[in-house]
C-alpha cells in the first residue's frame, strides 16, 4: 500500500492496521467530525487500491462478472458493485466510474492484487486490459455539509494535497460511515457474508440483470427473504476507555454464546461511542448486548 504525502502535514497522526498509510486525524478527530457535519471537506483515502479497465469490451465484460448493471454505465456516474464467490459470498467490493475511455475501480486497501489477478484470469478473448494503477492514482472522498458523501475523486498521487480544500482525517470519515450504517469489506464482513446481510443488495446488486457468479444464492435468499444475519448499529455504554477492535464477539446479556461480531467502533461527535455489528437475524431489536464487558443496545438499520 502506498503511504500518503499528507502524513507529512503538521499534526497529522497515522491510522492503524490497513489504514496506517493515511492520516487518522490532524490533531482534533472530534473537531474534524463536527467540521465535516457543519461545512464539509475532503478526506484522504489514498491507501485504497485503484484498477483501470480499458478496451472496447470493458463494460459488457464487467457486466458479466459483477453484481451490478454496468453494460450501459453512463460516463461519470459512480456505482458500487461486488465480486461474489460461486456460493454467493462477498469477495470484493468495488466503486466504479467510467470516463468514456476506461472504467476505474477503487477497492479496500490490501485487496487490489487479488482483484486484479481474478479479473485478468477472466479476460479470455475479450478486448479488455486490466492494470493496477495504485502507484499513480489516489482516492479523495469529498463530504458535503451535513456529512453527506459526495462522489469520490481520483487524482494523480503526485498532486495529492494540492487542492487547497479543508481536510479531515479518516477517523472522521469512519464515524460518519458507521453512523450511516455503511459497511466496509473486512470490517463488517467475514468469509460467509452475503450481500443481503449488510445492505449491499440495495446499493451494489442489480436484481434484474443476467447471470453472474453467485447469482443463484442472491436470487434464492432474496426470494425467501431470510438472510441468516443482519447488520445493526450498536450504541456502546462508554464504560471502557479503549474501543473494541473489529471482530470481537457480541453476545446477549446473560449468555456467553456469541450471536455475532463487532465491526468498526468509533467515537461519534454527537452519538457517543457507536459501532456496527453483524448479528444473527433472530436477535431481537430490544436485546441487551455485551461486547467485551460493555453493555450495548441495538438500533436497527433500514435495508438489512
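Worth a mention:
- Exactly one residue out of 210, 199 is outside the structural domain of residue 265 (by TED's automatic domain parsing) and at positive phi, and it is 199.
- Every pair of residues 6+ apart whose Cβ atoms lie under 7 Å, when the first sits in the range 171-183 and is over 12 Å from residue 149 (Cα atoms) while the second is surrounded by fewer than 19 Cβ atoms within 10 Å (Cβ to Cβ) and modelled with pLDDT under 95: 181/301
- Count - residues of the range 103-117 that are surrounded by 15 or more Cβ atoms within 10 Å (Cβ to Cβ) and outside any loop (DSSP other than H, G, I, E, B): 8
- Filter result for residue 69 (more than 26 Å from residue 165 (Cβ to Cβ), crowded, with 16+ Cβ neighbours inside 10 Å and touching a residue at least 60 places away in the same chain (Cβ under 8 Å)): yes
- Within the set 140, 119, 96, 154, the sole residue that is free of Cβ contacts under 8 Å to residues at least 40 places away in the same chain and either within 17 Å of residue 77 (Cα to Cα) or not assigned by TED's automatic domain parsing to the domain that holds residue 38 (or both) turns out to be 96.
- Apart from one condition, residue 114 fits all of (1) in contact (Cβ under 8 Å) with a residue 24 or more places away in the chain; (2) under 20 Å from the mean Cα position of the chain (by Cα); (3) closer than 24 Å to residue 186 by Cα; the exception is (1).
- Taken over the range 263-304, residues that are more than 23 Å from the chain's Cα centre (by Cα) and surrounded by fewer than 14 Cβ atoms within 10 Å (Cβ to Cβ) amount to 6.
- Residue 260 being at pLDDT 95 or above, surrounded by 13 or more Cβ atoms within 10 Å (Cβ to Cβ) and farther than 13 Å from residue 297 by Cα: yes
- Count of the range 248-281 residues which are outside any strand (DSSP E or B) and touching a strand residue (DSSP E or B) at 6+ places or on another chain (Cβ under 8 Å): 5
- Out of 75, 90, one residue alone is buried (at least 18 other Cβ atoms within 10 Å of the Cβ) and under 29 Å from residue 117 (Cα atoms). It is 90.
The values are calculated or read from the model by the stated rules, or taken from the named source; none is laboratory data. If you're wondering where the values come from, they're calculated on a predicted model, not measured in any experiment. Positions of Cβ are generated from backbone atoms using ideal geometry, with glycine treated the same way; all protein chains shown enter the neighbour counts.
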